[in-house]
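Taking it in order: structure first as structure tokens, then the write-up.
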Amino acid sequence: MPTPTLKLGLISAMAQEQAGLIDSMPDSHTISRGMRDYVQGTLWDTQCVCVLSRLGKVAAAATAATLIERFGVTHILFTGVAGGADRRVRVGDIVIAEQLVQHDMDASPLFPRFQIPLTGLSHFAADAALTERVALAVSAFVENDFRLAIDAADQEQFRIRRPRVHRGLIASGDEFIDSRIRLAELKLALPDLLAVEMEGAAVAQVCFEFGVPFTVIRTISDGANEDAPIDFIAFMERVAARYAFGIARRLCRTAQD
Ligand code: ADE
């Protein structure tokens, strides 16, 4: 990586979304803080701190704040899975956040729906430079690595031909969305919405408040509909880590194939 001072905080909610990364850190050492293990070391050519936040906005916010205050990370990347929230966004596609919103924040009528009280903000923008870098890594993974990284049987089972990459709005809330009606309600309020998950916008708020550049990438595991719980579990078991590992490898290695 060309930034000599980069110290990247890599957060995922669950172990299946980060499997293999820690084994790729030859010099890793672990420090436990607030019931989480922060694994520091060199990931390919990049200084990283890898951690699992667990699910939900509070867990993600506590993890991001600790990465910044205790571990001095300069940038944060959240990787994981999400439910697709648009007809064009299919299982196996990748969504790169440009904006993030907390869809369950509603202090109306005191403040407009979605606005984080006393900040004047509802949408948090991902860092443009970091997002560009991540987008290059995602493209390199899709174009060069995907076919070998994901078993042919899994490509078939999840009907992933060539993953498409989308950029736009991700919404987070303390809710697993598994209903077409609930998703339609969210789409009515947030028509540009591409994906729903449970952590990204909380990390975004913390990073905004601390002035730390961040971005979020999500692989689509399900359609946030009635099939979502089963699709989510199958995708987590078989595929999620392969995407996260492949993209992180492309991002953290200076020398590319
Ligand atoms: N993460 C993955 N799928 C999700 C869904 N349907 N709702 C919330 N978070 C998710």
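Laboratory data are not the source of any read-out in this text; all were calculated from the coordinates shown. What you see is a predicted model; the values in this text were computed from it and never measured. Glycine gets a Cβ as well: all are built from the backbone with ideal geometry, and neighbour counts include every protein chain shown.
Put simply, the amide H of Gln99, placed in the peptide plane, has neighbours under 5 Å in Ala126, Gly168, Leu169, Ile170, leaving out anything fewer than 5 places away on its chain. Remark on Asp104: its backbone amide H falls under 5 Å from those of Asp174, a criterion applied only to residues 5 or more positions apart or on other chains, H modelled at 1.01 Å from N.
Across segment 7-254 the C-alpha pair distances fall into 10 Å bins from zero in the proportions 8, 34, 38, 18, 3, 0 percent.
Excluding Leu130 itself, calculate the net charge of residues whose Cβ lies under 15 Å from the Cβ of Leu130, where each Lys or Arg counts +1 and each Asp or Glu counts -1. Within the 15 Å Cβ shell, the charges total +1. For segment 17-24, backbone phi angles converted through the Karplus equation (6.51, -1.76, 1.60; θ = phi - 60°) give residue-by-residue couplings of 8, 9, 4, x, 5, 5, 5, 8 Hz, Gly and Pro being listed as x. Here the 3J(HN,Hα) profile of segment 104-113, calculated from phi with Karplus coefficients 6.51, -1.76 and 1.60 at θ = phi - 60°, is 9, 7, 8, 9, 6, x, 5, 9, x, 3 Hz, Gly and Pro shown as x. Shown for Tyr38, Tyr243: other C-beta atoms within 10 Å of each C-beta, ranked fewest to most, produce the order Tyr38, Tyr243. Charged neighbours of Arg113, selected by a Cβ distance under 13 Å, balance to -3 (K, R count +1; D, E count -1).
Exposure proxy for Met35, Met14: other Cβ atoms within 10 Å of each Cβ, ordered fewest to most, give Met35, Met14.
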